[in-house]
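Q: Before I ask anything, let me first share the structure, which is written out below as structure tokens.
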Amino acid sequence: MKILFYGTASYDKDSFTRELADYPTIQIDFIESNLTPMTAALARGYDSVCAFVNADVGAMTLEILAGFGVKLILMRCAGYDVVNVPVATDLGIHVTRVPAYSPEAIAEHAMGLALCANRRIHKGYLRVRENDFSLSGLVGETLFGKTAGIVGTGRIGAALCRICKGFGMTVLGADLYPNQRLVDEEHVVDEYVKYDELYRRSDLISLHAFLNDESRHMINDESIAQMKDGVIFVNTGRGGLVDTQALIRGILSGKIGAAGLDVYDEESPNVYQNRAGEVIDSVTARLCSFPNVVMTSHQAFFTHEALAQIARVTLDNAQALANGTDFVERSVVC
């Protein structure tokens, strides 16, 4: 089994190389280039390619890969919205993912963003570095006794529910498929409600829903208007869940009192790129100009434990194709 690993960063190579000792029949070649229609031809002679959330695995890329005999696309992430799954299916290419590599890490990051944005920790840190010890403009809200609204209560959302309960918060859940066990057995969700009711009642709202045609821009002018004034808003899910211009309007109006963002809709050119030497006219700069907004770049998953799990599940799926056995449970998307 030969795998061409696209978009390699140093931590990718380190984590996968450590795990490779347990997979003697797998060979990986690492390249820095991302997977796009322009680079797909590099996969000539390989059985599989490995890509991440910032790849372009559309119809053209897939057709080129199929022409070179690639039979498996290993997405080393939970999301696969960058893959044209129907085309992959038609071409006979399997697509796998890593469905739950680090729910706790992402949930912890979500709460970290909420705390940082709410208490203006990032601004306070910068002030102290400049010997400015004033507190004006840094006041936040106490989370104890407040209501958290978790949109999407899968593994990540459930992990955040547990964290919010630890903070002494009332927790509301909204999900197309509610997990009643979180209410009846774990007691970390107080009740499931409709999205509109969650928006109205929550002091903290965190997004962990899947991105599809129905959920795209579920956070928009209408939904933001239903929220409490000064709500704390967090998105570590998918950027496309939020209409960024509506979010900016909500921040300017004061409807959104603090925002923590690890993803946003217009992020694609920036993800994992060092653009420090460029002048960028983008919504990134606009969002970063607000004192009550904290942004990171797809960092929520980024722990040693998560990287090891991503490597193991990805390599297990590659080994399964080579051996003709079943893929890792629930990791196949076509």
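Taken together, the values in this text are just the output of simple stated rules run on the coordinates, not laboratory data. Since the structure is predicted, the reported quantities are computational estimates derived from the model, not experimental observations. Here Cβ is always computed from backbone atoms with ideal geometry, including for glycine, and neighbour counts include all displayed protein chains.
Q: For a quick check of your reading of the filter: which GluC sites (Glu not before Pro) in the range 88-140 sit in a DSSP loop and have no more than 11 other Cβ atoms within 10 Å?
A: Here the sparse-neighbourhood loop sites are 130.
Q: Count the lysine pairs in the chain whose Cα atoms sit under 18 Å apart, keeping only pairs 8 or more residues apart in sequence or on different chains.
A: Taking the Cα cut-off of 18 Å, the pair count is 7.
Q: Counting helices only, and only those DSSP H runs with n ≥ 4, report the 222 nm mean residue ellipticity of the chain as the sum of -39,500 (n - 2.57) divided by its residues, in deg cm²/dmol to the nearest 500.
A: That calculation yields -10000 deg cm²/dmol at 222 nm.
Q: While we're on this one: May I ask you to evaluate 6.51 cos²θ - 1.76 cosθ + 1.60, the Karplus curve with θ = phi - 60°, for each residue of the range 232-249 and list the ³J(HN,Hα) values in order in whole Hz, giving x for glycine and proline?
A: 8, 10, 10, 9, 10, x, 9, x, x, 5, 10, 6, 4, 5, 5, 4, 4, 4
Q: Hey, got the dipole for the range 205-334? About the Cα centre, +1 on K and R Cβ, -1 on D and E Cβ, debye to the nearest 20?
A: 280 debye
Q: Fewest first, what order do 233, 327 take by the number of other Cβ atoms within 10 Å?
A: Ordered from fewest to most neighbouring Cβ atoms within 10 Å, 233, 327 come out as 327, 233.
Q: Looking at 72, 252, 241, which one has the Cα that reaches farthest to the positive end of the dipole of the chain (charges on Cβ: Lys, Arg +1; Asp, Glu -1)?
A: With unit charges placed on the Cβ atoms, the residue in question is 252.
Q: Quick one: order 171, 188 by neighbouring beta-carbon count within 10 Å, fewest to most. Each step should come with its number before you reach the end.
A: Values: 171 25, 188 22.
Lowest to highest Cβ neighbour count: 188, 171.
Q: Kindly provide the trypsin sites (Lys or Arg not before Pro) of the range 280-334 that DSSP labels as loop, not H, G, I, E or B, and whose Cβ sees at most 11 other Cβ atoms within 10 Å.
A: Filter output for the range 280-334: 330.
Q: Right, another one. Tell me the GluC sites (Glu not before Pro) within the range 1-84 that lie in a loop according to DSSP and have at most 15 other beta-carbon atoms within 10 Å.
A: Taking the range 1-84 and a limit of 15 other Cβ atoms within 10 Å, the loop GluC sites (Glu not before Pro) found are 32.
Q: Explain nothing, just the number: relative contact order of the chain, from Cα pairs under 8 Å at least 6 residues apart, as a whole percent.
A: Numbers: 648 pairs, mean separation 60.4, N = 334.
Once divided by the residue count of the chain, the mean separation gives 18 percent.
Q: Ranking 287, 247 by Cβ neighbours within 10 Å, fewest first, what do you get?
A: Least to most surrounded, the residues fall as 287, 247.
Q: Once the Cα atoms of the chain are picked out, what are the Rg and Dmax in Å?
A: Over the chain's Cα set, Rg and Dmax evaluate to 21.1, 64 Å.
Q: When the chain is fully extended, how far beyond the present Cα-Cα distance does residue 268 get from residue 129, taking 0.36 nm per residue of separation?
A: 46.8 nm
Q: Assuming 0.36 nm per residue, please report the length gained on full extension of the stretch residue 214 to residue 249 beyond their Cα-Cα distance. List each step's numbers first, then the result.
A: Numbers: separation 35, 0.36 × 35 = 12.60 nm, distance 2.24 nm.
Roughly 10.4 nm would be gained on extension.
Q: Where the only charges are on Cβ atoms (+1 Lys, Arg; -1 Asp, Glu), what is the dipole of the range 103-295 about its Cα centre, to the nearest 20 debye? Write down the numbers at each step before the final one.
A: Values: 20 positive and 26 negative charges, 119 e Å.
The calculated dipole for the range 103-295 is roughly 580 debye.
Q: What's the magnitude of the charge dipole for the chain around its Cα centre, counting Lys and Arg as +1 and Asp and Glu as -1 at the beta-carbon? Answer in Debye, nearest 20.
A: Dipole about the Cα centre, nearest 20: 620 debye.
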